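Single-structure report; data block below.
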Amino acid sequence: MIKIAILGYGTIGSGVVEVLNTNRESIAKRAGDEIEVKYILDLRDFPGDPMEDKVIHDYNVIAEDPEVQVVVEAMGGVEPAYTFVKRALLAGKNVTTSNKALVAKHGAELIAIAKEQNINFLFEASVGGGIPIIRPLNSSLTADEIEEITGILNGTTNYMLSKMTFEGLEFDDVLKDAQSRGYAEADPTADVEGYDACRKIAILTALVCGQQVDFEDIYTEGISSITADDIKYANAMGRVIKLLATSKKTEEGYCAMVAPFMLSQQHPLYSVNDVFNAIFVHGNVLGDAMFYGSGAGKLPTASAVVADIVDIAKHLHKNILISWSSGKLNLVDSKKAENRFFVRTTEAKERVKSVFGEVEFVEAPDVAGEIGFITGIMTEEAFEEKAEALKNIKQRIRVV
Ligand code: HSE
């Protein structure tokens, strides 16, 4: 019997209990042993819940119980998750977490402690919800130099943008709906401003390059400025707007960014809608690969956490090597990134041409008193200079 403790009985923690109950027999077969929840740590009580008698409020009980072999961290946020997880690892307890904020900030250190202790710190659910991506990057795509990793990594914003696209709704109307479905973070600013996707691409980039990537270094824009009129232009061009998190290897090094992009129908992520996430990977020998699936929500995320518990059960006293050192990777300045840009302006066409040169003009039905256009390829820096010279820009969205 493998005894586990779950930290946090919210959406993910209760999902883990549900998955363990639903698939008890097959999970035991795959893990080679029964998995039993010994404790659930939460500030609240849960009268009437079938797990009521497992709920405790003091973390010391878990940290000091030698029977607990696996700690499942499902609290979210950096503290007290970091303190609890570090203490568990130092006490020789394996850990799995769904917490991207924790992994992005302290991943390198926690991985190193697990290695020293010959145990495991696993975090499959921290990126892409139920989609296997951490394990493939760490175990399957190891023959390659990964030259690009681009994903739709936030289910909430993808759900919102899909609703705006298919139902013509405005931003504010779709946010509440996403929250009520359990997709959003406790503070949905993390979703809509791109911070959640930023932490996730920092984790993926760290795994790909084997070094610490500080999420603060990644240029990040969210979707809160996207309007129903932007969607009308995208529709007119046969494009869709998606929040992409991308990391590309250039001659100078890795260049990472989170921002809304207008995607053409040929783009591999064009058809990824609703709460689904997808990650496109290009390796120098593999070529292209795509990972697609349920990117947020209780059971998909819990499925990935329980898969980590099974992996831990199969490697109880053996560290699974994860290449992610604490040495910091210096990212290429995002101002050097090259893109095309869709722009909405109230300036005249002639003036646009005199500043940007040859551009492609676009019209959207029911949008009057302005013009839209797509620039040629230019660096972010060059675009900002031209945009300043043009003035009166209502919107600009990168195009791919
Ligand atoms: N709020 C996150 C999302 C949850 O919407 O993708 C999964 O990390």
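Tell me which residues, restricted to the stretch 36-45, are open to solvent by 10 Å² or more (accessible area, probe 1.4 Å) and in contact (Cβ under 8 Å) with a residue 12 or more places away in the chain. Working first, answer last.
Here is the first cut: in the stretch 36-45, the residues open to solvent by 10 Å² or more (accessible area, probe 1.4 Å) are 36-39, 41-45.
Correct list: E36, V37, K38, Y39, L41, D42, L43, R44.
Output the number of the condition that I152 fails; it satisfies all remaining conditions of (1) assigned by TED's automatic domain parsing to the domain that holds A278; (2) under 22 Å from A81 (Cα atoms); (3) of a type in the set (A, V, I, L, M, F, W, C).
Looking at each condition in turn, I152 falls short on (2).
So if I check each of V258, V306, V281, which one is in contact with a Leu (Cβ under 8 Å, 6 or more places away or on another chain), among the aliphatic types (A, V, I, L, M) and in a helix (DSSP H, G or I)?
Numbers: V258 fails: in a helix (DSSP H, G or I); V281 fails: in a helix (DSSP H, G or I).
Result of the check over V258, V306, V281: V306.
Considering only residues of the stretch 87-102 that are within 16 Å of the ligand (Cβ to nearest atom) and assigned to a loop (DSSP other than H, G, I, E, B), which is surrounded by the most Cβ atoms within 10 Å (Cβ to Cβ)? I'd like the intermediate steps shown before the answer.
Here is the first cut: in the stretch 87-102, the ones within 16 Å of the ligand (Cβ to nearest atom) are 96-102.
Narrowing the set further to residues that are assigned to a loop (DSSP other than H, G, I, E, B) leaves 98-99.
Working: S98: 28, N99: 26.
The extreme case among them is S98.
Provide a single number: the residues in the stretch 162-198 that are under 18 Å from G129 (Cβ atoms) and either under 16 Å from the mean Cα position of the chain (by Cα) or within 10 Å of the ligand (Cβ to nearest atom) (or both).
The qualifying residues number 17.
Of these, I152, I111, which one is within 16 Å of the ligand (Cβ to nearest atom), within 21 Å of Y254 (Cβ to Cβ) and crowded, with 22+ Cβ neighbours inside 10 Å?
Numbers: I111 fails: within 16 Å of the ligand (Cβ to nearest atom).
When all the criteria are applied, what remains is I152.
From the list A304, A245, which residue is surrounded by 21 or more Cβ atoms within 10 Å (Cβ to Cβ), of a type outside the set (V, I, T), modelled with pLDDT of 95 or more and in contact with a Pro (Cβ under 9 Å, 6 or more places away or on another chain)?
On the way: A245 fails: in contact with a Pro (Cβ under 9 Å, 6 or more places away or on another chain).
Answer to the check: A304.
Specify which of the listed residues (A259, A206, A234) is at pLDDT 95 or above, over 20 Å from the mean Cα position of the chain (by Cα), more than 16 Å from the ligand (Cβ to nearest atom) and open to solvent by less than 20 Å² (accessible area, probe 1.4 Å).
Working: A259 fails: over 20 Å from the mean Cα position of the chain (by Cα); A206 fails: over 20 Å from the mean Cα position of the chain (by Cα).
Only one candidate passes the filter, namely A234.
Out of everything in the stretch 131-149 that is within 16 Å of the ligand (Cβ to nearest atom) and open to solvent by less than 30 Å² (accessible area, probe 1.4 Å), what residue ends up being nearest to R181 (Cα to Cα)? Lay out the reasoning, then the answer.
Of all residues in the stretch 131-149, those within 16 Å of the ligand (Cβ to nearest atom) come to 131-134.
From what is left, the residues that are open to solvent by less than 30 Å² (accessible area, probe 1.4 Å) are 131, 133-134.
Values: I131: 19, I133: 24, I134: 25 Å.
Looking at residues that are within 16 Å of the ligand (Cβ to nearest atom) and open to solvent by less than 30 Å² (accessible area, probe 1.4 Å), I get I131.
The values are calculated or read from the model by the stated rules, or taken from the named source; none is laboratory data. For clarity, every value in this text was computed on a predicted model and none was experimentally measured. Methodologically, a virtual Cβ is constructed for each residue, glycine included, from the backbone with ideal geometry; neighbour enumeration extends over all protein chains shown. Surface areas here come from the heavy atoms of the whole protein model, side chains and all, with no ligands, DNA or RNA. Shrake-Rupley method; radii C 1.70, N 1.55, O 1.52, S 1.80 Å.
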